[in-house]
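Okay, structure first, notes after.
The values are calculated or read from the model by the stated rules, or taken from the named source; none is laboratory data. All values derive from a computational prediction rather than experimental measurement. Reconstructed Cβ throughout: ideal geometry from the backbone, glycine too, with neighbour counts over all protein chains shown.
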Amino acid sequence: MNLHDFIFSNERRYRLTRHITFWLCWIIFAGCVQLTGYTPMTWKQIVIFQSVRVLTRLPLHLIFCYFTVYFLVPRFIQKGRYKQFVFFFLLSFLLLLEISYLWFFYAGNAITSVLNSTALWSPFVTKFFSYYSCINFTGPIPACCLMLTIKYYKDWYKKQKQSEILT
């Protein structure tokens with residue numbers, strides 16, 4: 001397998017490998033970026049907490065990103081139905097915010113208590129961090145934008161190569 005086939009091939013095995021590689025890189029990136037700010041915990045507790053946090057949030061990221069990239073964009077953006085896209089995107093984002101809040105409220109406090117940390121969060125702090133985690137640099141919005149960027153660059157490159165072949 002060469003790099004060109006890995007990036008531009010439509011074969012199922014390359015596609016699956018590309019997606020797994022993207023999400024593994026995203027997990028490592030998100031875990032490394034967020035290794036700060038939990039002062040009541042030791043470094044070992046911080047690493048465990050962030051690893052569990054990133055991995056448990058991953059299903060939310062996957063669902064939101066794939067729903068946006070492979071359902072909303074082709075059905076609305078590519079057909080010029082921008083108002084419907086905005087409506088469904090905002091609706092899915094609000095749903096994501098609420099699910100994220102529930103996760104932070106129940107799982108986040110459970111993880112910190114298992115780690116014998118005193119960093120239990122109040123409902124306001126939990127809501128703030130759950131919402132912030134959806135829009136910060138490691139949230140699903142940037143992941144979705146990165147996926148779209150890669151996907152449309154790949155499509156543009158393929159079209160350029162096809163037009164070069166035709167001329």
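Of everything in the range 73-85, what is surrounded by 13 or more Cβ atoms within 10 Å (Cβ to Cβ) and part of a helix (DSSP H, G or I)? Give them in sequence order.
So in the range 73-85, the residues surrounded by 13 or more Cβ atoms within 10 Å (Cβ to Cβ) come out as 73, 75-77, 81, 84-85.
Scanning the range 73-85 gives 73, 75, 76, 77, 84, 85.
Only one entry of 70, 101 meets the criterion of being part of a helix (DSSP H, G or I), surrounded by 14 or more Cβ atoms within 10 Å (Cβ to Cβ) and of a type in the set (Ser, Thr, Tyr), and that entry is 101.
Kindly indicate whether residue 53 is among the charged types (D, E, K, R) and modelled with pLDDT of 80 or more. Considered against the rule, which asks whether it is among the charged types (D, E, K, R) and modelled with pLDDT of 80 or more, residue 53 comes out as no.
Whether a residue is modelled with pLDDT under 85 and under 22 Å from residue 26 (Cα atoms) was assessed, and residue 107 passes this test.
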